[in-house]
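To start, I am sharing the structure in question, which I have written as C-alpha coordinates.
The values are calculated or read from the model by the stated rules, or taken from the named source; none is laboratory data. Keep in mind the model is a prediction, meaning the values are calculated, not measured. Because the Cβ atoms are built from the backbone with ideal geometry, glycine has one as well, and the counts that use them run over all protein chains shown. These accessible areas exclude ligands, DNA and RNA; they are computed on the full protein's heavy atoms, side chains included. Shrake-Rupley method; radii C 1.70, N 1.55, O 1.52, S 1.80 Å.
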Amino acid sequence: MLAVPVEGVPLRRHRDIRTLDPFTKVPGPVTTPSVRESEPWRDLSAEAHIKIDQLVKVFGETRAVDEVSLGIHRGELFSLLGGSGCGKTTLLRMLAGFVTPDAGSIVIDGQDVSRVPPYERPVNMMFQSYALFPHMTVEDNVAFGLRRDGVEKGEIKRRVGEALELVQLGALARRKPGQLSGGQRQRVALARSIIKRPKVLLLDEPLSALDKKLREATQYELRLIQEQVGITFVMVTHDQEEAMTMSTRIAVMNHGKIVQVGTPSEIYEYPQSRFVADFIGSVNLFEGRLRESFADHAVIESAEAGADLVVSHAAGHLPGAALCVAVRPEKLRLAKAADGLDLPNGLAGRVRDVAYLGDSCVYHVTLESGKVVTATAPNLGRWRDQPFGRDEEVIVGWTAQASILVEP
(Lines give C-alpha, C1' and ligand atoms only; values in the text may rest on other atoms or scores of the structure.)
Protein backbone atom coordinates (compact mmCIF):
# COMPACT_ATOMS: atom_id res chain seq x y z
CA MET A 1 0.00 0.00 0.00
CA LEU A 2 1.33 3.41 -0.95
CA ALA A 3 0.95 6.51 1.17
CA VAL A 4 2.35 10.01 0.95
CA PRO A 5 4.43 10.92 4.03
CA VAL A 6 3.85 14.21 5.80
CA GLU A 7 6.56 15.94 7.79
CA GLY A 8 6.03 15.37 11.50
CA VAL A 9 3.07 13.02 10.96
CA PRO A 10 3.64 9.27 11.40
CA LEU A 11 2.09 7.19 8.64
CA ARG A 12 -0.66 4.84 9.74
CA ARG A 13 -1.18 1.35 8.39
CA HIS A 14 -4.77 1.35 7.20
CA ARG A 15 -6.76 -0.93 4.98
CA ASP A 16 -6.06 -0.58 1.26
CA ILE A 17 -8.62 1.80 -0.23
CA ARG A 18 -8.08 0.33 -3.69
CA THR A 19 -9.96 -2.83 -2.72
CA LEU A 20 -12.42 -1.37 -0.24
CA ASP A 21 -16.09 -1.02 -1.06
CA PRO A 22 -16.84 2.40 0.50
CA PHE A 23 -20.13 1.10 1.89
CA THR A 24 -18.61 -2.03 3.49
CA LYS A 25 -16.54 -1.95 6.65
CA VAL A 26 -13.58 -4.30 6.19
CA PRO A 27 -11.23 -4.75 9.17
CA GLY A 28 -7.53 -4.16 8.59
CA PRO A 29 -4.30 -3.86 10.55
CA VAL A 30 -3.90 -0.60 12.42
CA THR A 31 -0.70 0.12 14.31
CA THR A 32 -1.47 3.71 15.36
CA PRO A 33 -4.94 4.79 16.55
CA SER A 34 -6.58 7.24 14.17
CA VAL A 35 -7.74 10.67 15.34
CA ARG A 36 -11.31 9.35 15.24
CA GLU A 37 -10.39 6.67 17.76
CA SER A 38 -8.16 8.75 20.07
CA GLU A 39 -10.23 11.99 20.20
CA PRO A 40 -7.38 14.29 21.34
CA TRP A 41 -9.73 17.26 21.80
CA ARG A 42 -10.99 15.61 25.01
CA ASP A 43 -7.49 15.85 26.49
CA LEU A 44 -7.15 19.35 27.97
CA SER A 45 -3.35 19.06 27.89
CA ALA A 46 -3.22 18.13 24.18
CA GLU A 47 -1.71 20.85 21.97
CA ALA A 48 -3.87 21.90 19.03
CA HIS A 49 -2.26 21.71 15.57
CA ILE A 50 -4.16 24.82 14.42
CA LYS A 51 -4.95 27.51 16.99
CA ILE A 52 -7.27 30.33 15.98
CA ASP A 53 -7.58 33.07 18.60
CA GLN A 54 -10.12 35.92 18.55
CA LEU A 55 -10.04 36.14 14.75
CA VAL A 56 -11.92 39.08 13.21
CA LYS A 57 -12.59 40.12 9.62
CA VAL A 58 -14.77 43.10 8.74
CA PHE A 59 -16.03 44.02 5.26
CA GLY A 60 -17.56 47.48 5.38
CA GLU A 61 -20.18 47.29 8.13
CA THR A 62 -20.32 43.47 8.11
CA ARG A 63 -18.33 41.41 10.60
CA ALA A 64 -17.84 38.36 8.39
CA VAL A 65 -15.79 36.60 11.09
CA ASP A 66 -16.54 37.79 14.59
CA GLU A 67 -13.98 36.95 17.32
CA VAL A 68 -13.66 33.28 16.39
CA SER A 69 -11.47 31.07 18.60
CA LEU A 70 -10.92 27.45 17.68
CA GLY A 71 -8.47 24.57 18.17
CA ILE A 72 -8.04 21.85 15.53
CA HIS A 73 -5.88 18.82 16.29
CA ARG A 74 -3.35 17.11 14.06
CA GLY A 75 -4.91 14.58 11.69
CA GLU A 76 -8.50 15.76 12.10
CA LEU A 77 -10.97 16.09 9.26
CA PHE A 78 -12.61 19.21 10.64
CA SER A 79 -15.65 20.82 9.00
CA LEU A 80 -16.87 24.41 9.03
CA LEU A 81 -20.61 24.14 8.48
CA GLY A 82 -23.17 26.87 8.00
CA GLY A 83 -25.50 28.64 5.61
CA SER A 84 -24.56 31.18 2.97
CA GLY A 85 -22.96 34.31 4.45
CA CYS A 86 -22.16 32.73 7.83
CA GLY A 87 -18.40 33.43 7.49
CA LYS A 88 -17.09 29.89 6.91
CA THR A 89 -15.41 30.61 3.56
CA THR A 90 -13.86 33.83 4.85
CA LEU A 91 -12.42 31.89 7.78
CA LEU A 92 -11.02 29.26 5.40
CA ARG A 93 -9.46 31.95 3.19
CA MET A 94 -7.81 33.52 6.23
CA LEU A 95 -6.30 30.12 7.05
CA ALA A 96 -5.01 29.97 3.48
CA GLY A 97 -3.59 33.49 3.63
CA PHE A 98 -5.80 34.90 0.86
CA VAL A 99 -7.55 37.23 3.35
CA THR A 100 -5.71 39.16 6.07
CA PRO A 101 -7.36 39.24 9.53
CA ASP A 102 -8.27 42.59 11.05
CA ALA A 103 -7.55 41.18 14.52
CA GLY A 104 -6.61 37.93 16.18
CA SER A 105 -4.08 35.26 15.29
CA ILE A 106 -3.65 31.96 13.43
CA VAL A 107 -0.97 29.53 14.66
CA ILE A 108 -0.17 26.36 12.69
CA ASP A 109 2.13 23.80 14.28
CA GLY A 110 3.56 26.43 16.62
CA GLN A 111 4.13 29.09 13.92
CA ASP A 112 2.11 32.32 13.86
CA VAL A 113 1.06 32.64 10.20
CA SER A 114 -1.44 35.49 10.63
CA ARG A 115 0.60 37.81 8.39
CA VAL A 116 2.54 35.17 6.41
CA PRO A 117 1.78 35.14 2.64
CA PRO A 118 0.01 32.06 1.22
CA TYR A 119 3.07 30.68 -0.60
CA GLU A 120 5.09 30.59 2.65
CA ARG A 121 2.46 28.77 4.74
CA PRO A 122 2.54 24.98 5.36
CA VAL A 123 -0.92 24.91 3.82
CA ASN A 124 -2.48 23.92 0.50
CA MET A 125 -6.00 24.50 -0.76
CA MET A 126 -8.29 22.41 -2.92
CA PHE A 127 -10.72 24.72 -4.68
CA GLN A 128 -14.37 24.05 -5.42
CA SER A 129 -13.71 24.30 -9.18
CA TYR A 130 -10.64 21.99 -8.91
CA ALA A 131 -8.72 24.57 -11.08
CA LEU A 132 -7.01 21.93 -13.24
CA PHE A 133 -4.98 22.95 -16.28
CA PRO A 134 -6.99 21.63 -19.26
CA HIS A 135 -3.97 21.45 -21.62
CA MET A 136 -1.91 19.31 -19.20
CA THR A 137 -2.12 15.60 -18.56
CA VAL A 138 -3.15 14.22 -15.19
CA GLU A 139 0.45 13.57 -14.14
CA ASP A 140 1.56 17.04 -15.29
CA ASN A 141 -1.24 18.66 -13.29
CA VAL A 142 -0.20 16.74 -10.20
CA ALA A 143 3.51 17.49 -10.75
CA PHE A 144 3.03 21.21 -11.40
CA GLY A 145 3.76 22.44 -7.86
CA LEU A 146 6.85 20.25 -7.47
CA ARG A 147 8.29 21.51 -10.76
CA ARG A 148 7.73 25.11 -9.69
CA ASP A 149 9.67 24.31 -6.51
CA GLY A 150 12.59 22.87 -8.48
CA VAL A 151 12.29 19.32 -7.15
CA GLU A 152 14.56 16.80 -8.91
CA LYS A 153 12.93 14.95 -11.83
CA GLY A 154 13.36 11.49 -10.36
CA GLU A 155 11.79 12.58 -7.09
CA ILE A 156 8.89 14.20 -8.97
CA LYS A 157 8.22 11.01 -10.91
CA ARG A 158 8.26 8.90 -7.75
CA ARG A 159 5.99 11.20 -5.76
CA VAL A 160 3.54 11.68 -8.64
CA GLY A 161 3.29 7.91 -9.04
CA GLU A 162 2.61 7.47 -5.33
CA ALA A 163 -0.02 10.20 -5.26
CA LEU A 164 -1.86 8.88 -8.34
CA GLU A 165 -1.80 5.35 -6.99
CA LEU A 166 -3.21 6.62 -3.70
CA VAL A 167 -6.21 8.19 -5.47
CA GLN A 168 -6.59 5.22 -7.84
CA LEU A 169 -5.66 7.12 -11.01
CA GLY A 170 -2.34 5.51 -11.94
CA ALA A 171 -3.80 4.08 -15.15
CA LEU A 172 -5.10 7.49 -16.24
CA ALA A 173 -1.86 9.46 -15.82
CA ARG A 174 -1.64 10.36 -19.53
CA ARG A 175 -5.20 11.58 -19.90
CA LYS A 176 -6.25 15.22 -19.84
CA PRO A 177 -8.93 16.62 -17.51
CA GLY A 178 -11.48 16.83 -20.33
CA GLN A 179 -11.26 13.04 -20.70
CA LEU A 180 -12.11 12.38 -17.06
CA SER A 181 -15.35 12.11 -15.11
CA GLY A 182 -16.21 14.62 -12.39
CA GLY A 183 -15.14 12.21 -9.66
CA GLN A 184 -11.81 11.52 -11.39
CA ARG A 185 -11.09 15.27 -11.77
CA GLN A 186 -11.83 15.69 -8.07
CA ARG A 187 -9.23 13.03 -7.27
CA VAL A 188 -6.65 14.68 -9.54
CA ALA A 189 -7.16 17.91 -7.61
CA LEU A 190 -6.74 16.01 -4.35
CA ALA A 191 -3.52 14.34 -5.52
CA ARG A 192 -2.12 17.73 -6.60
CA SER A 193 -3.06 19.20 -3.22
CA ILE A 194 -1.35 16.56 -1.09
CA ILE A 195 1.78 15.92 -3.20
CA LYS A 196 3.63 18.90 -1.71
CA ARG A 197 3.08 17.39 1.73
CA PRO A 198 1.36 20.32 3.44
CA LYS A 199 0.70 20.22 7.15
CA VAL A 200 -2.86 21.39 6.51
CA LEU A 201 -5.14 20.88 3.51
CA LEU A 202 -8.06 23.27 3.10
CA LEU A 203 -11.06 22.09 1.09
CA ASP A 204 -13.70 24.51 -0.21
CA GLU A 205 -16.92 22.57 -0.95
CA PRO A 206 -14.81 19.74 -2.44
CA LEU A 207 -17.68 17.50 -3.54
CA SER A 208 -20.30 20.03 -4.62
CA ALA A 209 -19.74 19.42 -8.36
CA LEU A 210 -20.52 15.68 -8.09
CA ASP A 211 -23.90 14.02 -8.45
CA LYS A 212 -25.51 12.62 -5.31
CA LYS A 213 -24.51 8.96 -5.64
CA LEU A 214 -20.92 9.72 -6.64
CA ARG A 215 -20.69 12.33 -3.87
CA GLU A 216 -21.75 9.76 -1.26
CA ALA A 217 -19.17 7.20 -2.44
CA THR A 218 -16.44 9.86 -2.65
CA GLN A 219 -17.12 11.01 0.92
CA TYR A 220 -15.93 7.65 2.26
CA GLU A 221 -13.04 7.49 -0.18
CA LEU A 222 -11.79 10.96 0.74
CA ARG A 223 -12.04 10.19 4.44
CA LEU A 224 -9.98 7.00 4.05
CA ILE A 225 -7.31 8.84 2.04
CA GLN A 226 -7.14 11.52 4.73
CA GLU A 227 -6.60 8.88 7.40
CA GLN A 228 -3.83 7.27 5.34
CA VAL A 229 -1.80 10.40 4.67
CA GLY A 230 -2.33 11.87 8.15
CA ILE A 231 -2.74 15.47 6.94
CA THR A 232 -5.04 17.77 8.90
CA PHE A 233 -8.04 18.55 6.67
CA VAL A 234 -10.23 21.63 7.20
CA MET A 235 -13.33 21.52 5.01
CA VAL A 236 -15.98 24.13 4.28
CA THR A 237 -19.40 22.79 3.41
CA HIS A 238 -23.05 23.76 3.57
CA ASP A 239 -24.08 20.11 3.18
CA GLN A 240 -25.08 18.80 6.61
CA GLU A 241 -25.02 15.14 5.55
CA GLU A 242 -21.53 15.56 4.08
CA ALA A 243 -20.22 17.12 7.28
CA MET A 244 -21.85 14.46 9.46
CA THR A 245 -20.49 11.61 7.33
CA MET A 246 -16.90 12.77 6.96
CA SER A 247 -15.89 14.85 9.97
CA THR A 248 -14.13 14.09 13.21
CA ARG A 249 -15.68 17.32 14.50
CA ILE A 250 -17.89 20.09 13.16
CA ALA A 251 -17.99 23.83 13.91
CA VAL A 252 -21.45 25.25 13.19
CA MET A 253 -21.27 28.92 12.20
CA ASN A 254 -23.90 31.66 12.13
CA HIS A 255 -23.43 35.40 11.55
CA GLY A 256 -19.66 35.17 11.72
CA LYS A 257 -19.58 33.30 15.03
CA ILE A 258 -19.08 29.66 15.97
CA VAL A 259 -22.22 28.63 17.83
CA GLN A 260 -21.23 25.03 18.61
CA VAL A 261 -18.27 22.67 18.12
CA GLY A 262 -18.55 18.92 18.57
CA THR A 263 -18.50 15.49 17.02
CA PRO A 264 -21.30 14.72 14.54
CA SER A 265 -23.22 12.76 17.18
CA GLU A 266 -22.83 15.55 19.76
CA ILE A 267 -24.03 18.20 17.32
CA TYR A 268 -27.05 16.12 16.33
CA GLU A 269 -28.05 14.59 19.65
CA TYR A 270 -27.16 17.49 21.97
CA PRO A 271 -27.59 20.82 20.17
CA GLN A 272 -26.84 23.75 22.45
CA SER A 273 -29.25 26.21 20.83
CA ARG A 274 -32.45 26.32 18.85
CA PHE A 275 -30.47 27.43 15.79
CA VAL A 276 -28.25 24.33 15.85
CA ALA A 277 -31.18 22.00 16.54
CA ASP A 278 -33.09 23.47 13.60
CA PHE A 279 -30.10 23.74 11.23
CA ILE A 280 -28.75 20.20 11.67
CA GLY A 281 -31.19 17.67 10.27
CA SER A 282 -34.95 17.79 10.78
CA VAL A 283 -36.53 18.59 14.12
CA ASN A 284 -39.88 19.28 15.75
CA LEU A 285 -39.85 22.28 18.09
CA PHE A 286 -42.37 23.06 20.85
CA GLU A 287 -42.10 26.35 22.70
CA GLY A 288 -43.17 26.38 26.33
CA ARG A 289 -42.27 27.13 29.94
CA LEU A 290 -40.88 25.00 32.73
CA ARG A 291 -43.77 24.11 35.03
CA GLU A 292 -41.96 21.91 37.55
CA SER A 293 -38.75 19.95 37.87
CA PHE A 294 -38.10 16.66 39.67
CA ALA A 295 -35.01 14.51 40.27
CA ASP A 296 -35.55 12.33 37.20
CA HIS A 297 -37.73 14.47 34.89
CA ALA A 298 -39.27 17.87 34.27
CA VAL A 299 -42.61 19.07 32.94
CA ILE A 300 -42.87 21.73 30.21
CA GLU A 301 -46.17 23.53 29.69
CA SER A 302 -46.61 24.03 25.92
CA ALA A 303 -49.53 25.66 24.15
CA GLU A 304 -48.00 24.64 20.80
CA ALA A 305 -48.20 20.99 21.81
CA GLY A 306 -51.59 21.45 23.38
CA ALA A 307 -50.41 19.53 26.44
CA ASP A 308 -47.67 19.26 29.05
CA LEU A 309 -44.46 17.64 27.79
CA VAL A 310 -42.20 15.43 29.89
CA VAL A 311 -38.43 15.76 29.45
CA SER A 312 -35.64 13.84 31.16
CA HIS A 313 -34.20 16.88 32.96
CA ALA A 314 -34.14 20.69 33.08
CA ALA A 315 -30.96 21.29 35.05
CA GLY A 316 -30.04 24.94 35.53
CA HIS A 317 -33.52 26.29 34.79
CA LEU A 318 -36.02 27.79 37.23
CA PRO A 319 -39.81 27.28 37.09
CA GLY A 320 -41.36 29.69 34.60
CA ALA A 321 -38.26 29.76 32.35
CA ALA A 322 -39.05 29.96 28.64
CA LEU A 323 -37.69 26.84 26.92
CA CYS A 324 -38.07 24.93 23.68
CA VAL A 325 -38.50 21.16 23.44
CA ALA A 326 -36.80 19.68 20.36
CA VAL A 327 -37.59 16.16 19.14
CA ARG A 328 -36.06 14.51 16.07
CA PRO A 329 -38.61 12.94 13.64
CA GLU A 330 -37.08 9.45 13.96
CA LYS A 331 -37.64 9.57 17.75
CA LEU A 332 -41.42 9.92 17.32
CA ARG A 333 -43.71 6.89 17.40
CA LEU A 334 -47.14 6.67 15.77
CA ALA A 335 -50.11 4.60 16.80
CA LYS A 336 -53.74 4.47 15.74
CA ALA A 337 -55.88 6.71 17.92
CA ALA A 338 -57.91 3.73 19.14
CA ASP A 339 -54.78 1.86 20.25
CA GLY A 340 -52.97 4.68 22.07
CA LEU A 341 -49.32 4.73 23.16
CA ASP A 342 -47.79 3.87 26.52
CA LEU A 343 -45.29 6.77 26.45
CA PRO A 344 -44.94 9.85 28.71
CA ASN A 345 -45.56 12.17 25.75
CA GLY A 346 -48.61 11.47 23.61
CA LEU A 347 -50.39 13.98 21.36
CA ALA A 348 -53.52 13.38 19.31
CA GLY A 349 -53.49 14.34 15.65
CA ARG A 350 -54.44 13.49 12.09
CA VAL A 351 -52.12 12.38 9.26
CA ARG A 352 -52.04 15.22 6.76
CA ASP A 353 -49.62 13.73 4.27
CA VAL A 354 -47.30 10.75 3.73
CA ALA A 355 -44.06 10.87 1.73
CA TYR A 356 -42.57 7.58 0.52
CA LEU A 357 -38.73 7.62 0.47
CA GLY A 358 -38.08 3.95 -0.27
CA ASP A 359 -36.34 2.92 2.93
CA SER A 360 -38.63 5.04 5.10
CA CYS A 361 -41.83 7.06 5.17
CA VAL A 362 -42.26 10.61 6.39
CA TYR A 363 -45.58 11.39 8.08
CA HIS A 364 -46.83 14.95 8.49
CA VAL A 365 -49.31 15.02 11.34
CA THR A 366 -51.54 17.96 12.30
CA LEU A 367 -52.01 18.05 16.08
CA GLU A 368 -55.20 19.17 17.76
CA SER A 369 -53.41 22.41 18.62
CA GLY A 370 -52.96 23.06 14.88
CA LYS A 371 -49.19 22.52 14.88
CA VAL A 372 -47.79 20.18 12.20
CA VAL A 373 -45.11 17.69 13.28
CA THR A 374 -42.98 15.33 11.23
CA ALA A 375 -42.36 11.67 12.08
CA THR A 376 -40.26 9.17 10.14
CA ALA A 377 -40.57 5.39 10.24
CA PRO A 378 -38.60 2.63 8.46
CA ASN A 379 -40.40 0.72 5.74
CA LEU A 380 -40.41 -2.84 7.03
CA GLY A 381 -43.00 -3.92 4.47
CA ARG A 382 -44.38 -2.88 1.09
CA TRP A 383 -45.85 0.58 0.48
CA ARG A 384 -49.36 -0.86 0.30
CA ASP A 385 -48.84 -2.31 3.79
CA GLN A 386 -48.16 1.06 5.45
CA PRO A 387 -50.07 1.18 8.74
CA PHE A 388 -51.13 4.85 8.56
CA GLY A 389 -52.92 6.57 5.72
CA ARG A 390 -53.83 10.15 4.94
CA ASP A 391 -56.54 11.66 7.17
CA GLU A 392 -56.18 8.85 9.71
CA GLU A 393 -56.43 9.78 13.38
CA VAL A 394 -53.25 8.89 15.25
CA ILE A 395 -51.32 9.40 18.47
CA VAL A 396 -47.79 10.84 18.23
CA GLY A 397 -45.58 9.89 21.17
CA TRP A 398 -42.00 9.87 22.41
CA THR A 399 -39.97 9.18 25.52
CA ALA A 400 -38.69 11.79 27.98
CA GLN A 401 -35.11 10.93 26.97
CA ALA A 402 -35.86 11.74 23.30
CA SER A 403 -36.62 15.37 24.22
CA ILE A 404 -33.89 18.00 23.94
CA LEU A 405 -34.25 21.28 25.84
CA VAL A 406 -32.87 24.39 24.12
CA GLU A 407 -33.26 28.13 24.58
CA PRO A 408 -36.20 29.52 22.54
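State all residues of region 60-76 that are modelled with pLDDT under 95 and among the hydrophobic types (A, V, I, L, M, F, W, C); if no residue qualifies, say none.
None - no residue of region 60-76 is modelled with pLDDT under 95 and among the hydrophobic types (A, V, I, L, M, F, W, C), so the list stays empty.
May I ask you to list the residues in region 308-349 that are aliphatic (A, V, I, L, M) and not in a strand (DSSP E or B)?
Listed by number, the residues that qualify are 314, 315, 318, 321, 332, 337, 338, 341, 343.
Can you name the number of the only condition in (1) within 16 Å of residue 367 (Cβ to Cβ); (2) outside any strand (DSSP E or B); (3) open to solvent by 10 Å² or more (accessible area, probe 1.4 Å) that residue 305 fails?
Condition not satisfied by residue 305: (3).
Something else: Would you please name the residue that is least open to solvent (accessible area, probe 1.4 Å), looking only at residues in region 219-247 that are out of contact with any Phe, Trp or Tyr (no Cβ under 8 Å at 6 or more places or on another chain) and more than 24 Å from residue 93 (Cα to Cα)?
By that ranking, first place goes to 228.
Looking at region 158-187, which of the residues that are of a type in the set (Lys, Arg) and part of a loop (DSSP other than H, G, I, E, B) is farthest from residue 131 (Cα to Cα)?
The selected residue is 174.
If you don't mind, there's one more thing I want to ask. Quick check: is even one residue across region 394-408 open to solvent by 50 Å² or more (accessible area, probe 1.4 Å) and modelled with pLDDT of 90 or more?
Among the residues of region 394-408, at least one is open to solvent by 50 Å² or more (accessible area, probe 1.4 Å) and modelled with pLDDT of 90 or more, which makes the answer yes.
Identify the residue in region 65-81 that is in contact with a Phe, Trp or Tyr (Cβ under 8 Å, 6 or more places away or on another chain) and not in a strand (DSSP E or B) and, among all such residues, is nearest to residue 250 (Cα to Cα).
The residue in question is 76.
Give region 117-127 a look and list any residue that's open to solvent by 30 Å² or more (accessible area, probe 1.4 Å) and either of a type in the set (Val, Ile, Thr) or within 16 Å of residue 89 (Cα to Cα) (or both), or say none.
118, 124, 127
Hey, another quick one. Please name all residue pairs, on different chains or six or more residues apart, with Cβ atoms under 8 Å, provided the first residue is in region 371-394 and is in a loop (DSSP other than H, G, I, E, B) and the second residue is at pLDDT below 80.
Cβ pairs passing all conditions: 379/386.
For region 274-327, which residues satisfy the criterion of being among the small types (Gly, Ala, Ser) and within 30 Å of residue 238 (Cα to Cα)?
Once the filter is applied, which keeps residues that are among the small types (Gly, Ala, Ser) and within 30 Å of residue 238 (Cα to Cα), region 274-327 yields 277, 281, 282, 326.
Take the conditions open to solvent by less than 40 Å² (accessible area, probe 1.4 Å) and touching a residue at least 12 places away in the same chain (Cβ under 8 Å) and apply them to residue 300. Does it pass?
It is true that residue 300 is open to solvent by less than 40 Å² (accessible area, probe 1.4 Å) and touching a residue at least 12 places away in the same chain (Cβ under 8 Å).
Could you go through region 131-154 and let me know if any residue there is surrounded by fewer than 17 Cβ atoms within 10 Å (Cβ to Cβ), closer than 30 Å to residue 51 by Cα and within 27 Å of the chain's Cα centre (by Cα).
yes
Here is a yes/no grid of residues against (1) open to solvent by less than 30 Å² (accessible area, probe 1.4 Å); (2) at pLDDT 85 or above; (3) farther than 24 Å from residue 74 by Cα; (4) of a type in the set (Lys, Arg):
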| residue | (1), (2), (3), (4) |
| --- | --- |
| 170 | no, yes, yes, no |
| 173 | yes, yes, yes, no |
| 182 | yes, no, yes, no |
| 206 | yes, no, no, no |
| 210 | yes, no, yes, no |
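Those residues that are over 21 Å from residue 406 (Cα atoms) and open to solvent by less than 20 Å² (accessible area, probe 1.4 Å), I need them from region 323-361; list them, please.
335, 349, 351, 361
To continue, here is another question. Out of the residues in region 154-195 that are in contact with a helix residue (DSSP H, G or I) (Cβ under 9 Å, 6 or more places away or on another chain) and basic (Lys, Arg), which is farthest from residue 212 (Cα to Cα)?
Among residues in region 154-195 that are in contact with a helix residue (DSSP H, G or I) (Cβ under 9 Å, 6 or more places away or on another chain) and basic (Lys, Arg), the one farthest from residue 212 (Cα to Cα) is 157.
Taking only region 54-79 into account, find how many residues are open to solvent by less than 80 Å² (accessible area, probe 1.4 Å), on the phi < 0 side of the Ramachandran plot and out of contact with any Leu (no Cβ under 6 Å at 6 or more places or on another chain).
Count: 15.
Can you pull out every residue in region 82-113 that is crowded, with 17+ Cβ neighbours inside 10 Å and either more than 22 Å from the chain's Cα centre (by Cα) or not in a helix (DSSP H, G or I) (or both)?
Hits for region 82-113 are 82, 86, 87, 97, 99, 101, 104, 106, 108, 109, 113.
Suppose we filter region 286-297 for residues that are touching a residue at least 60 places away in the same chain (Cβ under 8 Å) and either over 20 Å from residue 373 (Cβ atoms) or surrounded by fewer than 20 Cβ atoms within 10 Å (Cβ to Cβ) (or both); how many remain?
2
Quick one: which strands (runs of 3 or more DSSP E) sit completely within region 194-293 and have at least 1 residues that are hydroxyl-bearing (Ser, Thr, Tyr) and either over 30 Å from residue 318 (Cβ atoms) or in contact with a Cys (Cβ under 7 Å, 6 or more places away or on another chain) (or both)?
Qualifying strands (runs of 3 or more DSSP E): 232-237.
Check 380, 343, 357, 318 and return the single one that is modelled with pLDDT of 90 or more and either within 30 Å of the chain's Cα centre (by Cα) or farther than 21 Å from residue 280 by Cα (or both).
Criteria check complete, one pass: 343.
Mind listing whichever residues of region 38-56 are among the polar types (S, T, N, Q) and either modelled with pLDDT of 90 or more or assigned to a strand (DSSP E or B) (or both)?
54
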